[in-house]
Amino acid sequence: MEFSATFLLSVLIVALLWFFSGKNTQKYRLPPGPSPLPLIGNLLQLKKAAPFKSFLEFSKTYGPVMTFNLGWQRVVVLVGYDTVKEALVDQADDFVGRAPMPFLYRATRGYGIGISNGERWRQLRRFTLSTLRDFGMGRKGMEEWIQEESKHLRARMRTYKGEPFDPTILLSRTVSNVVCCLVFGQRFSYEDKHFVNLLAVIAMIVRFNSSPKGMMYNIFPWLMERLPGKQHAVFGKIEEIRDFVKMKIQEHRDSLDPSSPRDFIDCFLIRVHEEKENPSTEFHYDNLVATVMNLFLAGTETTSSTIRHALSVLIKHRNIQEKMQEEIDSVIGRERCPNMEDRKSLPFSDAVIHEIQRFLDIVPFSLPHYALQDVSFRGYTIPKDTVIVPLLHSVLKEEKQWATPHSFNPQHFLDQNGNFKKNPAFLPFSAGKSVTSKLQRSIKAKNKVD
């Protein structure tokens, strides 16, 4: 009875909010879009398994800038390279806000760099980028860690003695260990129970967040909190990640040498001490825990998934695999690990790696952005508190940007002389001011197929 009364009251409140918000937005020239239904908005008009395909189809009617209502939340979807670039690059400061996604907000308790805005985002972003650069992101440190980790990967693969095996878990452990070197200053044994459990939880979180129930949680968090379902088990598992991170932070506290920082956590702890008298600092324990969790999620699952699917693509395209192997053998041979200096001498392999990311389209949506104030864009007004979703799928598969967008074709990244060429429409994660996308790009650029 109590639940029914609470539910009915919640429905009534949302209905009133919907009514008044609808009247309030009449003063804006919003981007066009399909008419929403009360309370649920346009949810029934989207394909549950592939909503990005629905957005792409609607763009044929409403154009590259569209308004939708997902539940009570207004969402503006950006379609196509020109539109996404204009927003995230040309008007980057207008679109720099991060959407307060309910799932991530609860998982991080509102802290960390993943969904922060304003002064917190500025302080943490500047510190995180500079620290990751100092400890290897884009430098030789990460290269050496990846080379070392690849040896462990190949040694484990040899134990199967040519028999078939599922590489999913193995690749996840390998990629995550590179992130662990950046954050914790150490790698973990593939048999380490805490490490293995952590990766299983990360995989569970990613699956749930991309599932229909995960989408429902982000749209109706107040309702999903009160209904039974897998979301409660997932949040319980997130607490296990939090406990693991806290344990590692405590180990760092106990052995910290301020004159010789070993990794990201050490640097953050030193900064916490330096700014302990600063009342406006964002360098405190809660932000450290959440930022470490953010880095794990950003660096592990999408990268290992891309490498795993890359193997599948190369198996299906044996001629490309063989040509890539010939180039690697001629430049590197089979006696040493590849390094970043080899990249300029491996144009075909570089093109294949880029094309794999474009073709696989692992992340069809960028992380949602957020209008922190009213934004003028292409003659429309995007009101404050609107969620903005760049449709990366539409960029990576846009016909005017790619010769054969729906086919696997490394020639997309090669000129007439066989030299590697960049394509500005290559946005496999996002564009603009993002720490997590920079981390993902850096790890993938350095991971080579041996």
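Read-outs: derived from the displayed coordinates by stated rules, not from any lab. Values in this document were obtained by computation on a predicted structure and should not be read as measured data. Here the Cβ positions follow ideal geometry from the backbone for every residue, glycine too, while neighbour counts run over all protein chains shown.
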Provide the FRET efficiency to the nearest 0.05 for the M157-K316 pair, computing r from the beta carbons and using R0 = 22 Å.
0.65
Step through the residues of segment 79-88 one at a time and calculate ³J(HN,Hα) from phi using the Karplus curve (6.51 cos²θ - 1.76 cosθ + 1.60, θ = phi - 60°), rounding each to whole Hz and writing x for Gly and Pro.
10, x, 4, 4, 5, 5, 4, 4, 6, 7
If R0 = 22 Å, then Q186 and Y285, at their Cβ-Cβ distance, give a FRET efficiency to the nearest 0.05 of 0.55
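So if each residue of separation counts as 0.36 nm, and I subtract the Cα-Cα distance between D342 and D254, what length gain in nm does that give?
Taking D342 through D254 to full extension adds about 27.6 nm, to one decimal.
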For each of M204, M293, M216, count neighbouring Cβ atoms within 10 Å of the residue's Cβ, then give the residues from fewest to most.
M204, M216, M293
Just tell me, in residue order, which DSSP H segments of the chain are both 18 angstrom or longer along the helix axis (alpha-carbon based) and at least -0.5 in mean Kyte-Doolittle hydropathy.
2-24, 168-183, 193-209, 285-299, 301-316, 347-360
Ranked from highest to lowest mean number of other Cβ atoms within 10 Å per residue, what is the order of the peptides 36-49, 363-376?
363-376, 36-49
Given G229, L44, S130, which one lies farthest toward the positive end of the charge dipole of the chain, if we put +1 on the Cβ of every Lys and Arg and -1 on the Cβ of every Asp and Glu?
L44
Order of C180, C337, C267 from fewest to most other C-beta atoms within 10 Å?
C337, C267, C180
Using 0.36 nm per residue of separation minus the Cα-Cα distance, give me the extension gain between A49 and D243 in nm, one decimal.
66.5 nm
When the charge dipole of the chain is computed with +1 at the Cβ of Lys and Arg and -1 at the Cβ of Asp and Glu, the Cα pointing farthest to the positive end, of S280, N409, T108, is that of N409
If you take the beta carbon distance between H232 and D166 as r and set R0 to 35 Å, what does 1/(1 + (r/R0)^6) give as a FRET efficiency, to the nearest 0.05?
0.75
Exposure-ranked with fewest Cβ neighbours within 10 Å first, M247, M142 stand as M247, M142
Residues whose modelled amide H sits under 5 Å from the amide H of L78, counting only those 5 or more places away in sequence or on another chain, are V389, L391
